[in-house]
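Q: Take a look at this one; I'll ask things after.
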Amino acid sequence: MIKKLLRCIREYKRDSILTPILVTLEVVMEVIIPLLMANLIDYGITAGNMSYILKMGTVLAIFAMLSLFFGAMAGSTAAKASAGFAKNLRHDMYYNVQNFSFSNIDKFSTASIVTRLTTDVTNVQNAYQMIIRMAVRSPIMFIFSMAMSFSVNPTLSLIFLGAVPVLLLGLGFIIKLSFPVFKRVFKRYDRLNSVVQENLRGIRVVKSYVREEHEKKKFNAISGEIYKDFSFAEKLLALNMPLMQFCVYACMLLVSWIGAQLIVGSDMTTGQLMSVITYAMQILMSLMMLSMVFVMITMSRASAERIVEILDEESDIHDVEHPVMQVPNGSVQFKDVCFSYAKDMNKLCLSDINLEIAAGETVGIIGGTGSSKSSLVQLIPRLYDVTQGAVLVGGIDVREYDIETLRNEVAMVLQKNVLFSGTIKENLRWGDENASDEELVRVCKLACADEFIQGFPDGYDTYIEQGGTNVSGGQKQRLCIARALLKKPKILILDDSTSAVDTKTDAMIRKAFAEEIPNTTKFIIAQRISSVENADKIIVMDGGRINAVGTHEELLKNNPIYKEVYFSQIKGGDSDDAR
Ligand SMILES: Nc1ncnc2c1ncn2[C@@H]1O[C@H](COP(=O)(O)OP(=O)(O)OP(=O)(O)O)[C@@H](O)[C@H]1O
Ligand SMILES: [Mg+2]
């Protein structure tokens with residue numbers, strides 16, 4: 001795990017190595033200073049030697065400046081190294097997320113990915129900064145100060161050694177109690193994010209169902225849990241300080257008391273006592289910092305694990321070694337296809353699908369909700385891989401193609417489609433970056449979108465808000481169809497893409513398709529019989545199986561499901577040409 005993370009340091013290696021070196025230099029300066037102080041007091045002040053005081057004072061000032069300089073440098077390189085490390089972590093995670101296949105995306109929730117990219121990375125960043133500064137500083141400081149104080153006065157130094165186990169025991173206790181709490185907190189963060197995200201995304205639904213109070217309660221509950229956990233863990237950590245102070249003052253008292261006796265007995269000078277007290281402070285400080293480092297590491301370990309999970313996730317849709325770079329034609333064939341989202345043959349979502357569709361055909365797909373219509377067509381652009389059997393496009397298994405080539409030739413308007421924030425033009429050009437303005441107008445006319453776009457004051461430069469909230473459902477669907485058409489695909493799949501478009505416009509779109517793009521194979525999933533009745537083939541789906549394939553007339557004669565849907569729709573007055 002550590003190795004995976006360290007790989008993200010990359011160009012910040014120099015800063016990461018420089019920091020501990022600078023910190024070491026800073027510490028060396030800091031430990032020499034008390035020694036110089038002792039000399040200044042003993043040989044300068046006590047002896048009344050003015051020139052010695054001046055000389056020593058200058059040296060002291062230089063050391064202090066150097067210490068400050070190294071400290072500042074270390075701070076700056078540490079900040080650079082840790083921020084850079086975090087940047088690279090985010091970069092790698094985000095890039096990997098972009099590679100995720102649909103089934104990878106199903107595995108992680110969006111909220112969890114967001115928490116991992118933000119809070120978790122920040123935790124690791126802080127821990128990393130701590131490690132390269134404090135984790136080096138504290139042990140070095142501890143060892144140097146210990147050595148120095150022993151060289152000044154071994155008896156007094158034994159007092160510190162006595163304080164160390166007390167301190168360590170206390171700290172160990174605190175960390176052991178707080179770690180599980182921190183681990184829990186991050187899981188709760190995921191929950192909090194998902195509650196907030198779900199609420200904001202569905203805020204219109206929340207309002208129309210007057211569920212605000214319920215949503216507030218849900219939020220308060222999870223937010224309260226985080227508060228409880230954090231305050232408990234932080235309270236524990238706060239015990240660190242009194243424990244520390246108790247040890248510091250106990251040591252000071254003992255040192256001063258024994259030191260005073262030593263001075264009276266002329267076994268020690270005042271300056272020496274001064275320096276030992278400073279060393280005592282440094283030793284205890286370094287222990288405290290070390291404990292903080294441990295806390296940080298324990299806190300960030302949970303985060304690091306969650307980051308590595310994302311870095312490690314491998315997309316389960318790969319390009320083969322020598323991919324086919326050209327789709328010969330728009331024919332589609334399903335050969336004994338079985339498909340399961342869970343890749344489990346006992347939980348099949350599609351079973352025994354056999355189909356043959358020639359290039360240029362129009363195929364209608366009809367079936368109840370959950371009958372796996374969307375699942376069926378998603379296999380054509382390889383959004384998911386089949387669990388068994390094969391899907392062929394242009395006579396070649398879709399797994400043989402270069403994914404980009406395949407998806408450029410198989411345009412799919414998803415059932416839950418989205419527009420991104422940006423102008424209409426920008427959104428349409430997702431289909432083809434280099435499309436000319438005339439081309440945009442042409443496809444929009446095909447998708448019956450040109451008319452309403454021209455009606456906007458800014459026309460094709462109208463700004464679409466995030467998620468396409470400022471266009472109507474039917475307008476959005478037409479824009480999505482136009483975007484897909486811009487790809488000039490060999491296969492066009494419309495998954496319930498005209499559900500929010502009125503019947504007349506729907507018919508106009510279909511007519512335009514038949515006349516303008518006759519060679520494109522078209523799959524039209526629809527709820528309305530009128531949307532598919534002119535298709536060359538209509539597939540009736542039922543419970544993940546093909547119930548029947550035929551033309552409108554054939555199905556009307558032989559297929560009970562089709563008949564039922566058809567008659568229920570005429571009764572509803574949906575279509576008036578059906579008599
Ligand atoms: N991403 C997914 N992960 C797991 N199961 C899924 C996923 N998407 C769909 N399913 C399941 O697969 C089955 C078929 O769903 P599918 O979306 O293909 O139906 P559909 O015919 O398109 O329905 P609708 O008419 O409502 O669009 C359903 O039982 C659904 O619960
Ligand atoms: Mg569907």
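Q: Using the structure shown, decide if I297 is touching a residue at least 40 places away in the same chain (Cβ under 8 Å), touching a Ser or Thr at 6+ places or on another chain (Cβ under 8 Å) and part of a helix (DSSP H, G or I).
A: So I297 fails the test.
Q: Residue check, S303 against (1) more than 30 Å from F179 (Cβ to Cβ); (2) of a type in the set (S, T, N, Q); (3) surrounded by 19 or more Cβ atoms within 10 Å (Cβ to Cβ), all met but one. Which one?
A: (1)
Q: Right, something else. Pairs, please: C-beta under 9 Å, at least 6 apart or cross-chain, first residue in the same structural domain as M288 (by TED's automatic domain parsing) and without any contact (Cβ under 8 Å) to a residue 24 or more places away in the chain and in segment 226-251, second in a helix (DSSP H, G or I) and among the β-branched types (V, I, T)?
A: Correct list of pairs: F246/V166.
Q: When F513 is evaluated against the numbered criteria (1) at pLDDT 95 or above; (2) more than 39 Å from the chain's Cα centre (by Cα), which criterion, by number, is the only one it fails?
A: All conditions are met except number (1).
Q: Report whether or not A512 is part of a helix (DSSP H, G or I), in contact (Cβ under 8 Å) with a residue 12 or more places away in the chain and either in the same structural domain as M541 (by TED's automatic domain parsing) or within 16 Å of ligand 1 (Cβ to nearest atom) (or both).
A: Criteria met by A512.
Q: Separate question: Kindly list, by first and then second residue, each pair from a residue in segment 361-380 that is over 15 Å from K537 (Cα atoms) to a residue that is more than 6 Å from ligand 1 (Cβ to nearest atom) and polar (S, T, N, Q), limited to pairs with Cβ atoms under 9 Å and residues at least 6 apart or on different chains.
A: Every condition considered, the pairs that remain are T369/Q527; S371/N547.
Q: Could I ask something else about it? Take the residues in segment 366-404 that are over 36 Å from the mean Cα position of the chain (by Cα) and not in a loop (DSSP other than H, G, I, E, B); name whichever of them is farthest from D432 (Cα to Cα).
A: Among those that are over 36 Å from the mean Cα position of the chain (by Cα) and not in a loop (DSSP other than H, G, I, E, B), it is G367.
Q: Output the number of the condition that A507 fails; it satisfies all remaining conditions of (1) farther than 22 Å from L419 by Cβ; (2) in contact with a Ser or Thr (Cβ under 8 Å, 6 or more places away or on another chain); (3) of a type outside the set (S, T, Y); (4) part of a loop (DSSP other than H, G, I, E, B).
A: (4)
Q: Residues of segment 331-372 being buried (at least 16 other Cβ atoms within 10 Å of the Cβ), away from ligand 2 (no atom under 16 Å from the Cβ) and under 18 Å from S103 (Cα atoms), which ones?
A: Within segment 331-372, V337, C338, S340, L348 qualify.
Q: Would you pick out the residues in segment 187-212 that are farther than 15 Å from S109 by Cα, assigned to a helix (DSSP H, G or I) and not small (G, A, S)?
A: L200, I203, R204, V205, V206, K207, E212
Q: Shifting gears a bit: Could you go through segment 536-549 and let me know if any residue there is away from ligand 2 (no atom under 16 Å from the Cβ), within 17 Å of K373 (Cβ to Cβ), free of Cβ contacts under 8 Å to residues at least 40 places away in the same chain and not hydroxyl-bearing (S, T, Y).
A: For segment 536-549, residues away from ligand 2 (no atom under 16 Å from the Cβ), within 17 Å of K373 (Cβ to Cβ), free of Cβ contacts under 8 Å to residues at least 40 places away in the same chain and not hydroxyl-bearing (S, T, Y): present.
Q: In segment 503-535, what count of residues is obtained for those that are aromatic (F, W, Y) and within 16 Å of ligand 2 (Cβ to nearest atom)?
A: Total satisfying the criteria: 1.
Q: Moving to a separate point now. For segment 515-544, give me each residue that is touching a strand residue (DSSP E or B) at 6+ places or on another chain (Cβ under 9 Å), among the hydroxyl-bearing types (S, T, Y) and more than 16 Å from ligand 1 (Cβ to nearest atom).
A: T520, T521
Q: Identify all residues within segment 383-433 that are within 16 Å of ligand 2 (Cβ to nearest atom) and among the polar types (S, T, N, Q); write none if there are none.
A: Scanning segment 383-433 gives Q415, N417.
Q: State whether one or more residues within segment 122-137 are part of a helix (DSSP H, G or I), free of Cβ contacts under 8 Å to residues at least 12 places away in the same chain and among the aliphatic types (A, V, I, L, M).
A: No: segment 122-137 contains no residue that is part of a helix (DSSP H, G or I), free of Cβ contacts under 8 Å to residues at least 12 places away in the same chain and among the aliphatic types (A, V, I, L, M).
Q: Looking only at segment 486-494, decide whether some residue is more than 16 Å from ligand 1 (Cβ to nearest atom), part of a helix (DSSP H, G or I), farther than 29 Å from D336 by Cβ and in contact with a Gly (Cβ under 8 Å, 6 or more places away or on another chain).
A: Checked segment 486-494: no residue is more than 16 Å from ligand 1 (Cβ to nearest atom), part of a helix (DSSP H, G or I), farther than 29 Å from D336 by Cβ and in contact with a Gly (Cβ under 8 Å, 6 or more places away or on another chain).
The values are calculated or read from the model by the stated rules, or taken from the named source; none is laboratory data. Just so we're clear, the structure is a prediction, and the values are computed from it rather than from any experiment. No Cβ is skipped: glycine too gets one built from the backbone with ideal geometry, and neighbour counts run over all protein chains shown.
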